[in-house]
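Engineer: This is the structure I want to talk about, given as structure tokens.
The values are calculated or read from the model by the stated rules, or taken from the named source; none is laboratory data. Keep in mind that this is a model prediction, so the values were computed, not measured. Positions of Cβ are generated from backbone atoms using ideal geometry, with glycine treated the same way; all protein chains shown enter the neighbour counts.
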């Protein structure tokens with residue numbers, strides 16, 4: 001979208017448009033919402049943005065977001081040290097935690113292998129993962145990368161790297177969503193559902 005506003009409002013629209021998932025029209029809508037909002041409310045937003053940049057870091061153990069050197073999950077003594085779930089991004093940790101099904105530890109890769117985007121194994125936290133596993137306390141690694149081409153490539157790379165270490169390496173099952181119809185499932189999803197089928201008892 002061509003610049004049609006003067007000065008700061010256009011600068012704001014341009015900056016908002018750089019955010020993921022925000023197109024030109026959404027950026028314009030948000031900018032005008034901010035323009036019509038009370039200054040105190042805007043300053044709270046500004047303060048929250050500054051605080052995030054100043055105070056939030058990546059955990060030195062698992063690379064999840066954290067206010068301190070280590071995140072709350074790594075500090076929690078109730079978590080199971082024998083199981084590590086490997087995810088692409090910190091937001092994946094939040095998604096898994098919402099299920100309340102997993103009580104182990106995490107390792108955030110910081111992305112997935114994607115040569116097109118210039119992301120190879122060396123750009124991810126794979127070296128740090130291998131170092132974490134070296135002491136033998138971890139028995140199982142669950143690979144929970146996304147079911148995309150890049151996520152699958154990352155999972156394959158990790159499994160080939162980790163299996164020789166004598167660990168149990170598992171992959172999250174994927175298949176049909178609850179409430180979905182078979183006729184709308186793509187071939188890959190349906191194929192995965194067949195591969196991941198289990199006996200009923």
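Engineer: May I ask you to say which residue of 25, 53 is assigned to a helix (DSSP H, G or I) and under 26 Å from residue 111 (Cβ atoms)? Full working, then the answer.
Structural biologist: Values: 25 fails: under 26 Å from residue 111 (Cβ atoms).
53 is the lone residue from the list that is assigned to a helix (DSSP H, G or I) and under 26 Å from residue 111 (Cβ atoms).
Engineer: So, one more: Out of curiosity, is residue 62 in the same structural domain as residue 127 (by TED's automatic domain parsing), surrounded by 18 or more Cβ atoms within 10 Å (Cβ to Cβ) and closer than 26 Å to residue 167 by Cα? Lay out the reasoning, then the answer.
Structural biologist: On the way: in the same structural domain as residue 127 (by TED's automatic domain parsing): no; surrounded by 18 or more Cβ atoms within 10 Å (Cβ to Cβ): yes; closer than 26 Å to residue 167 by Cα: yes.
No; evaluated as a whole, the condition is false for this residue.
Engineer: Additional query: Any residue at all in region 103-111 that is out of contact with any helix residue (DSSP H, G or I) (no Cβ under 6 Å at 6 or more places or on another chain) and surrounded by 19 or more Cβ atoms within 10 Å (Cβ to Cβ)?
Structural biologist: Yes; the residues of region 103-111 include at least one that is out of contact with any helix residue (DSSP H, G or I) (no Cβ under 6 Å at 6 or more places or on another chain) and surrounded by 19 or more Cβ atoms within 10 Å (Cβ to Cβ).
Engineer: Report whether or not residue 150 is under 26 Å from residue 163 (Cα atoms), surrounded by fewer than 13 Cβ atoms within 10 Å (Cβ to Cβ) and modelled with pLDDT under 95.
Structural biologist: Answer is no for this residue.
Engineer: For residue 185, state whether it is farther than 18 Å from residue 95 by Cβ and free of Cβ contacts under 8 Å to residues at least 24 places away in the same chain.
Structural biologist: Numbers: farther than 18 Å from residue 95 by Cβ: yes; free of Cβ contacts under 8 Å to residues at least 24 places away in the same chain: yes.
Yes: the conditions hold for residue 185.
Engineer: Across region 138-147, what is the total count of residues that are in a loop (DSSP other than H, G, I, E, B), under 20 Å from residue 93 (Cβ atoms) and at pLDDT 95 or above? If you could, list the steps in order and put the result at the bottom.
Structural biologist: Taking region 138-147 first, the residues in a loop (DSSP other than H, G, I, E, B) are 138-139, 144-147.
Remaining after also requiring under 20 Å from residue 93 (Cβ atoms): 138, 144-147.
Subset that is at pLDDT 95 or above: 138.
The number of residues fulfilling the criteria is 1.
Engineer: Can I ask one more? Which one is surrounded by the fewest Cβ atoms within 10 Å (Cβ to Cβ) among residues in region 160-186 that are more than 26 Å from residue 102 (Cβ to Cβ) and over 25 Å from the mean Cα position of the chain (by Cα)?
Structural biologist: Applying the filter and picking the extreme gives 183.
Engineer: Let me ask you something else. Taking region 112-137 on its own, how many of its residues are under 17 Å from residue 81 (Cα atoms) and in a loop (DSSP other than H, G, I, E, B)? Write out each step before concluding.
Structural biologist: Step one: filter region 112-137 for residues under 17 Å from residue 81 (Cα atoms), giving 128-137.
Checking the rest, the ones that are also in a loop (DSSP other than H, G, I, E, B) come to 134-137.
So the count comes out to 4.
Engineer: Moving to a separate point now. What are the residues in region 96-126 that are out of contact with any strand residue (DSSP E or B) (no Cβ under 7 Å at 6 or more places or on another chain) and over 22 Å from residue 156 (Cβ atoms), if any?
Structural biologist: Listed by number, the residues that qualify are 97, 98, 99, 100, 101.
Engineer: Take the conditions more than 32 Å from the chain's Cα centre (by Cα) and on the phi > 0 side of the Ramachandran plot and apply them to residue 7. Does it pass?
Structural biologist: The answer is yes for residue 7.
Engineer: For region 29-43, does any single residue satisfy the condition of being at negative phi, within 24 Å of the chain's Cα centre (by Cα), without any contact (Cβ under 8 Å) to a residue 40 or more places away in the chain and surrounded by fewer than 10 Cβ atoms within 10 Å (Cβ to Cβ)? So that I can check it myself, show each step before the final result.
Structural biologist: Filtering region 29-43 for residues at negative phi gives 29-43.
Filter again for within 24 Å of the chain's Cα centre (by Cα), leaving none.
Checked region 29-43: no residue is at negative phi, within 24 Å of the chain's Cα centre (by Cα), without any contact (Cβ under 8 Å) to a residue 40 or more places away in the chain and surrounded by fewer than 10 Cβ atoms within 10 Å (Cβ to Cβ).
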